[in-house]
Amino acid sequence: MRRILWDPSKSNTWLDAMATAEPIRVVLADDFPPVREALRKLFGEFAALEVVGEAADGNSAIEMTMHLVPEVIVMDVKMPHLGGVGATRRIKQVLPEIHVVGFSSQDDTITREAMTTAGCSAFITKECAHALPNVIANITGRPVPHDSLEDSS
């Protein structure tokens, strides 16, 4: 993973740092194409986020992750063939530095605990998908400003 070093003495704002930083590479794993499309559209509003791949099941998510090595995977919990819990567990065994965000329409303790035990860095319900850029910023420690904030300077 390539790290961008930022020297605050040579820059006025974190937006200056973002101008030279590579975007956070994200894989979307959800079996429902309209959900992936909506997330792709949402992330398209943030120059700091780049969707590098999409998967419709856990096996595809594993394969894509091993090939693309993103920083973040937004992982649906319930998918055909292999669900998000199993896929997260397998990915984290091989690539522990990758951040997995559990993503589900279910907001219950069992689902959250299963994803947390598997190794996810965060969990969010689908109804709160609009907060994903902030969640990704928090788990990666990198700013994810909305493009409209960059345009206003």
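When peptides 83-93, 102-112 are ranked by their average number of other Cβ atoms within 10 Å per residue, the highest-first order is 83-93, 102-112. Between Phe32 and Lys78, the simple spin-label model (points 7 angstrom out along Cα→Cβ) gives 1.0 nm. Basic side chains Lys and Arg get +1 at the Cβ, acidic Asp and Glu get -1 at the Cβ, and with that the dipole of the stretch 23-151 about its Cα centre reaches some 380 debye.
Placing unit charges on each Cβ (+1 for Lys and Arg, -1 for Asp and Glu) gives the stretch 33-113 a dipole about its Cα centre, and among Pro33, Gly102, Ile62 the Cα reaching farthest toward its positive end belongs to Ile62. A crude spin-label estimate for the pair Val69 and Glu97, with each label 7 Å from Cα along the Cβ direction, gives 0.7 nm.
Once both labels are positioned 7 Å from their Cα atoms along Cα-to-Cβ, the gap between Lys41 and Ser105 label points is 1.8 nm.
The Cα atoms of the stretch 23-151 define a convex hull whose projected area, averaged across directions, is 6.9 nm². The gain in end-to-end length when the Thr117 to Asp147 segment is fully stretched comes to 7.4 nm, 0.36 nm per residue minus the alpha carbon separation. Between the amide H of Phe123 and those of Gly102, distances stay under 5 Å, these residues lying 5 or more places away or on another chain, with hydrogens modeled in the peptide plane.
Read-outs throughout are calculated quantities, based only on the coordinates presented, and are distinct from any laboratory measurement. This structure is a prediction, so every number in the text was calculated from the model and none was measured. Note: ideal-geometry Cβ built from the backbone for every residue, glycine included; neighbour counts use all protein chains shown.
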